[in-house]
Amino acid sequence: MFTENTEQTVGKFKVDNAKMTADNVDVFYGDKQAIFDVSLDLGQNEVLSMIGPSGCGKSTFLRCLNRMNDTIEICKMTGDIKLEGLDIYKGGLNPVQLRARVGMVFQKPNPFPKSIYDNVAYGPRIHGLVNRRSELDEIVQTALEKASLWNEVKDRLDQPATGMSGGQQQRLCIARAIAVSPEVILMDEPCSALDPIATAKIEELIAELSQNYSIAIVTHSMQQAARVSNRTAYFHLGKLIEVGKTQDIFTSPRHKLTEDYITGRFG
């Protein structure tokens, strides 16, 4: 029997080994409310997919997790979001420190107009993580290896990153994010601009990275969510409708709205 109540989230939104916790989050753009009372945990070393129709609030919620919405003047958030128990808005952690711990990969690859090397080295330099060039070289190589890119670019590190293919640029952005040793990686539709081959490489990379990082991914591809994530959260009109193990969400959803979306009745 499906539930059609949209006032309460269906499923277990709390986890025992939470890396990040969000409780009673509301987000407003001026007078318009975009997120309604969302509570959701991201577990240690888990991949959490957020799915739902365009405009349902999933990207807005994702951006709250590393305060990217702070850059939007009319945006206001209420509620609590914590990283390992530390409130990221009220706990004395400034946005620069936070984004070193909670990295972000965007929908469209956005390499800096610098060399491949300098793209990856940028974060460690500005955060003062290295003292010697040899240390920086090691960090750059390790990040590129983790992003499955080192063998493709090791002989052209001084060439412009903008000359890489789209899939390579996205993996470079992932390498740039992990070069500062974050704990969490946020991905906002990281494969939407990529071809199927590049998408498959990113998905393989997500599986590998989840051994060391907690990952939250927004995706419009339900097939991708099914392939890469441990848990899936379904958003609708700014509300978190249902959350659960990915297999359960796609094979036996408990909410009528979730079932309608995954079967293609709307969205």
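The residue that is modelled with the highest pLDDT, among those in the range 181-209 that are surrounded by fewer than 19 Cβ atoms within 10 Å (Cβ to Cβ) and touching a strand residue (DSSP E or B) at 6+ places or on another chain (Cβ under 9 Å), is 183. So for the range 25-47 (the condition being under 23 Å from residue 190 (Cα atoms), out of contact with any helix residue (DSSP H, G or I) (no Cβ under 6 Å at 6 or more places or on another chain) and assigned to a helix (DSSP H, G or I)), does at least one residue qualify? Taking every residue of the range 25-47 in turn, none turns out to be under 23 Å from residue 190 (Cα atoms), out of contact with any helix residue (DSSP H, G or I) (no Cβ under 6 Å at 6 or more places or on another chain) and assigned to a helix (DSSP H, G or I). May I ask you to verify whether residue 222 is buried (at least 16 other Cβ atoms within 10 Å of the Cβ), among the hydrophobic types (A, V, I, L, M, F, W, C) and within 20 Å of residue 19 (Cα to Cα)? No, not satisfied.
Within the range 67-78, identify whether any single residue is part of a loop (DSSP other than H, G, I, E, B), more than 30 Å from residue 266 (Cα to Cα), touching a strand residue (DSSP E or B) at 6+ places or on another chain (Cβ under 6 Å) and aliphatic (A, V, I, L, M), and answer yes or no. Yes, the range 67-78 has at least one match. Checked against the criterion of being at negative phi and under 19 Å from the mean Cα position of the chain (by Cα), the candidates 130, 96 yield just one match: 96. Residues being surrounded by fewer than 21 Cβ atoms within 10 Å (Cβ to Cβ), in contact with a His (Cβ under 8 Å, 6 or more places away or on another chain) and under 18 Å from residue 225 (Cβ atoms) are entirely absent from the range 37-47. Checked against (1) at pLDDT below 95; (2) surrounded by 22 or more Cβ atoms within 10 Å (Cβ to Cβ); (3) not polar (S, T, N, Q), residue 58 meets all criteria but (1).
The single condition from (1) at pLDDT below 95; (2) more than 19 Å from residue 177 (Cβ to Cβ) that residue 108 fails is (2). Could you say whether any residue in the range 45-52 is free of Cβ contacts under 8 Å to residues at least 12 places away in the same chain and in contact with a Leu (Cβ under 9 Å, 6 or more places away or on another chain)? For the range 45-52, residues free of Cβ contacts under 8 Å to residues at least 12 places away in the same chain and in contact with a Leu (Cβ under 9 Å, 6 or more places away or on another chain): absent. Just so you know, in the range 119-169 the residues that are in a loop (DSSP other than H, G, I, E, B) and either of a type in the set (A, V, I, L, M, F, W, C) or touching a residue at least 60 places away in the same chain (Cβ under 8 Å) (or both) include one that is surrounded by the most Cβ atoms within 10 Å (Cβ to Cβ), and it is 147. Kindly indicate the residue of the range 229-241 that is buried (at least 24 other Cβ atoms within 10 Å of the Cβ) and touching a helix residue (DSSP H, G or I) at 6+ places or on another chain (Cβ under 7 Å) and also nearest to residue 147 (Cα to Cα) among those meeting that condition. The selected residue is 229. The single condition from (1) aliphatic (A, V, I, L, M); (2) free of Cβ contacts under 8 Å to residues at least 40 places away in the same chain; (3) touching a Cys at 6+ places or on another chain (Cβ under 8 Å) that residue 197 fails is (3). For residue 90, the conditions (1) surrounded by fewer than 18 Cβ atoms within 10 Å (Cβ to Cβ); (2) in contact (Cβ under 8 Å) with a residue 12 or more places away in the chain; (3) of a type in the set (Lys, Arg) are fulfilled apart from (2). Of all the criteria given as (1) within 22 Å of residue 183 (Cα to Cα); (2) free of Cβ contacts under 8 Å to residues at least 24 places away in the same chain, the one not satisfied by residue 247 is (1).
The values are calculated or read from the model by the stated rules, or taken from the named source; none is laboratory data. Please read these numbers as outputs of a predicted model, since none were measured by experiment. Positions of Cβ are generated from backbone atoms using ideal geometry, with glycine treated the same way; all protein chains shown enter the neighbour counts.
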